[in-house]
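Below: the structure, in structure tokens.
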Amino acid sequence: MPHRRARLSRRAFLQAAGSTLAIAALPGPVTAQAAPIKLGTLTPLTGAGGSYGPSMRKAMEFVAQEVNAAGGVLGRPLQLVSEDDQTNPEAAVRAARKLIDVDKVAAIMGTWASAVTTAVAPLCWESKTFLTTVSGSDTITQLPHQGYLIRTQPNTNLQIGKLGDFLISLKVKRVFVLAAQTPFALPSQKRLQELLPKGGAELVGAVIYDKDKTTFRSEIDQALRTKPDMIYLNGYTPDCTVLLKELFKAGYTGAKVAQGYAVNQKLLDSVPAEVSDGTYTATPSPAVDSAGYKRLAAFLGASDLDPYSCQCHDQISLVVLAIAKAKGEATGTAIRDTVRKIAQGGGAKVDSAVAGLKLLAQGQEINYEGASGPCDFTETGDILDCKIRFDQAQGAKFKVVKLI
């Protein structure tokens, strides 16, 4: 059978030529084979964590922009696919399934609430998608995640350990816990119960409540019957707002302490100063003197960054550098196997993904320390150490009182 010559139509020819021109116009080393590296962001753009999600996403976009402007990862551009977890486990699972099944991302970054991370994590390890989180509950790294998870947020043991030390330094004697129903609640209570007697204090009681209630007067009455001199509000911003108002109305004059993500400046701005005055907060402290922190602050247009935006800046940087260390293999397994090789050890210290990519291209070893500080992880994915900053609300503003 004679061979027939393929005929190329004028339209096909022009389309082919146009594609070639478009590829040739791409900057740097990007080539026709340079498919984008897809990474997912899953942050609380709405819901109880909505005060933090937009900034967390912007921090990751900042790193992606810097990397792409410098030529990508071994010539491949980064493509971020962003979803809102709504600070809700069910919504987060739907969003994670899309990121994994439809968008085919190598990593999901930025989950905030412990309940969200607990719900999403099984989807990630089952699909071999790497997960980075800022959630703090001990239970998260106790999951059988097979190494497909790291967290930049200190775990309960570390956070509450330093909170216990702080409470003892205040010489309080009787502590009551009012906690929202989250994976963080019981481990926090248990840790405080272990620590307080070492300083002559005791946990006199605890109530775990439904955070979506509109009033907590019965829970407050139960707390006040124990005559506490310190109440630990272990919830989120909406419920802590109600709790502070109702404690004030009930005439409680003892001390109060909360997590910094719950009692934040947004809350202080929403209530009279006398309602929040005197409340202590505990917050993981970013590396405020680092060049990475200062660059991110300039991009976000803020002088005082929340720890989660700093951690998300570092999460995407770690993922990018792990892919580069794996010679461009953009898979969850490759990230899992290389992330510690670029984050801890004796390599040259770098505080940006771009700086790290340059050194890796030269064959050098690196040790990434970013806007949130050192990023050294245990085998189970916990951050090894983190400074905790204690502030106090005074006249509707926060004043730093201690760094532990």
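For this structure, a couple of remarks:
- The residues packed around Asn88, meaning those with a beta-carbon under 13 Å from its beta-carbon, carry a net charge of -3 if Lys and Arg are +1 and Asp and Glu are -1.
- Put Thr378, Thr156 in order of accessible area, highest first, and with a 1.4 Å probe you get Thr378, Thr156.
- Set of aspartates and glutamates near Lys358 by C-alpha distance (under 18 Å), chain-local residues within fewer than 8 positions excluded: Glu66, Asp314, Glu329, Glu369
- The string of couplings for the stretch 373-382 from the Karplus curve (6.51, -1.76, 1.60, θ = phi - 60°) is x, x, 10, 9, 10, 6, 5, 8, x, 7 Hz, one whole number per residue in order, with x for Gly and Pro.
- Protection proxy ranking, highest mean first, for peptides 266-275, 236-245: 236-245, 266-275, where packing is the per-residue count of other beta-carbon atoms within 10 Å, averaged.
- Listed by chain and number, the aspartates and glutamates whose C-alpha is less than 18 Å from the C-alpha of Lys213, apart from same-chain residues fewer than 8 away, are Asp221, Asp239, Glu246.
- Extension gain for Lys98-Lys341 works out to 84.5 nm (0.36 nm per residue, less the C-alpha to C-alpha distance).
- Equivalent ellipsoid of the stretch 94-228: semi-axes from √(5λ) of the C-alpha gyration tensor, largest first, are 35, 18, 9 Å.
- Extension reserve of the Ala361-Phe299 stretch, reckoned as 0.36 nm per residue once the Cα distance is removed: 19.7 nm
- The helix-based estimate of mean residue ellipticity at 222 nm for the chain, built from -39,500 (n - 2.57) per DSSP H run of four or more residues and divided by its residue count, is -12500 deg cm²/dmol to the nearest 500.
- Among Asp289, Asp337, the order of accessible area from largest down is Asp289, Asp337, computed with a 1.4 Å probe on protein heavy atoms.
- The structure shown yields mean projected area of the Cα convex hull in nm², and of the options [x] 16.9; [y] 18.1; [z] 24.4 that calculated value carries the label [z].
- Restricting attention to the stretch 51-169, lysine pairs at least eight places apart or on different chains and with alpha-carbon atoms under 24 angstrom apart total 4.
- Order by protection proxy (mean Cβ within 10 Å, highest first), peptides 175-183, 62-70: 175-183, 62-70
- Three-way shape call for the stretch 259-330 based on the alpha-carbon gyration tensor, with the a/c threshold at 1.5: prolate
- The chain - share of DSSP beta bridges that are antiparallel (%, nearest 5): 30
- Gain upon complete extension [Glu379, Gln65; 0.36 nm per residue less C-alpha separation]: 110.0 nm
- Amide H contacts of Asn234: Leu178, Ala179, Ala180, each under 5 Å away and 5 or more positions distant or on a separate chain (H built 1.01 Å from N in the peptide plane; Pro and chain starts excluded).
- Applying Stokes-Einstein at 10 °C and 1.306 mPa s to the Kirkwood radius of the stretch 277-404, computed over alpha-carbon pairs, gives a translational diffusion coefficient of 101 µm² s⁻¹.
- For the pair Lys399 and Asn157, a Förster radius of 22 Å applied to the C-beta separation gives a FRET efficiency near 0.20, rounded to the nearest 0.05.
The values are calculated or read from the model by the stated rules, or taken from the named source; none is laboratory data. Small disclaimer: the values here were computed from a predicted structure and weren't measured. When we count neighbours, we look across all protein chains shown, and the Cβ atoms used for this are built from the backbone with ideal geometry, even at glycine. Note: areas computed on protein heavy atoms with side chains; ligands, DNA, RNA excluded. Shrake-Rupley method; radii C 1.70, N 1.55, O 1.52, S 1.80 Å.
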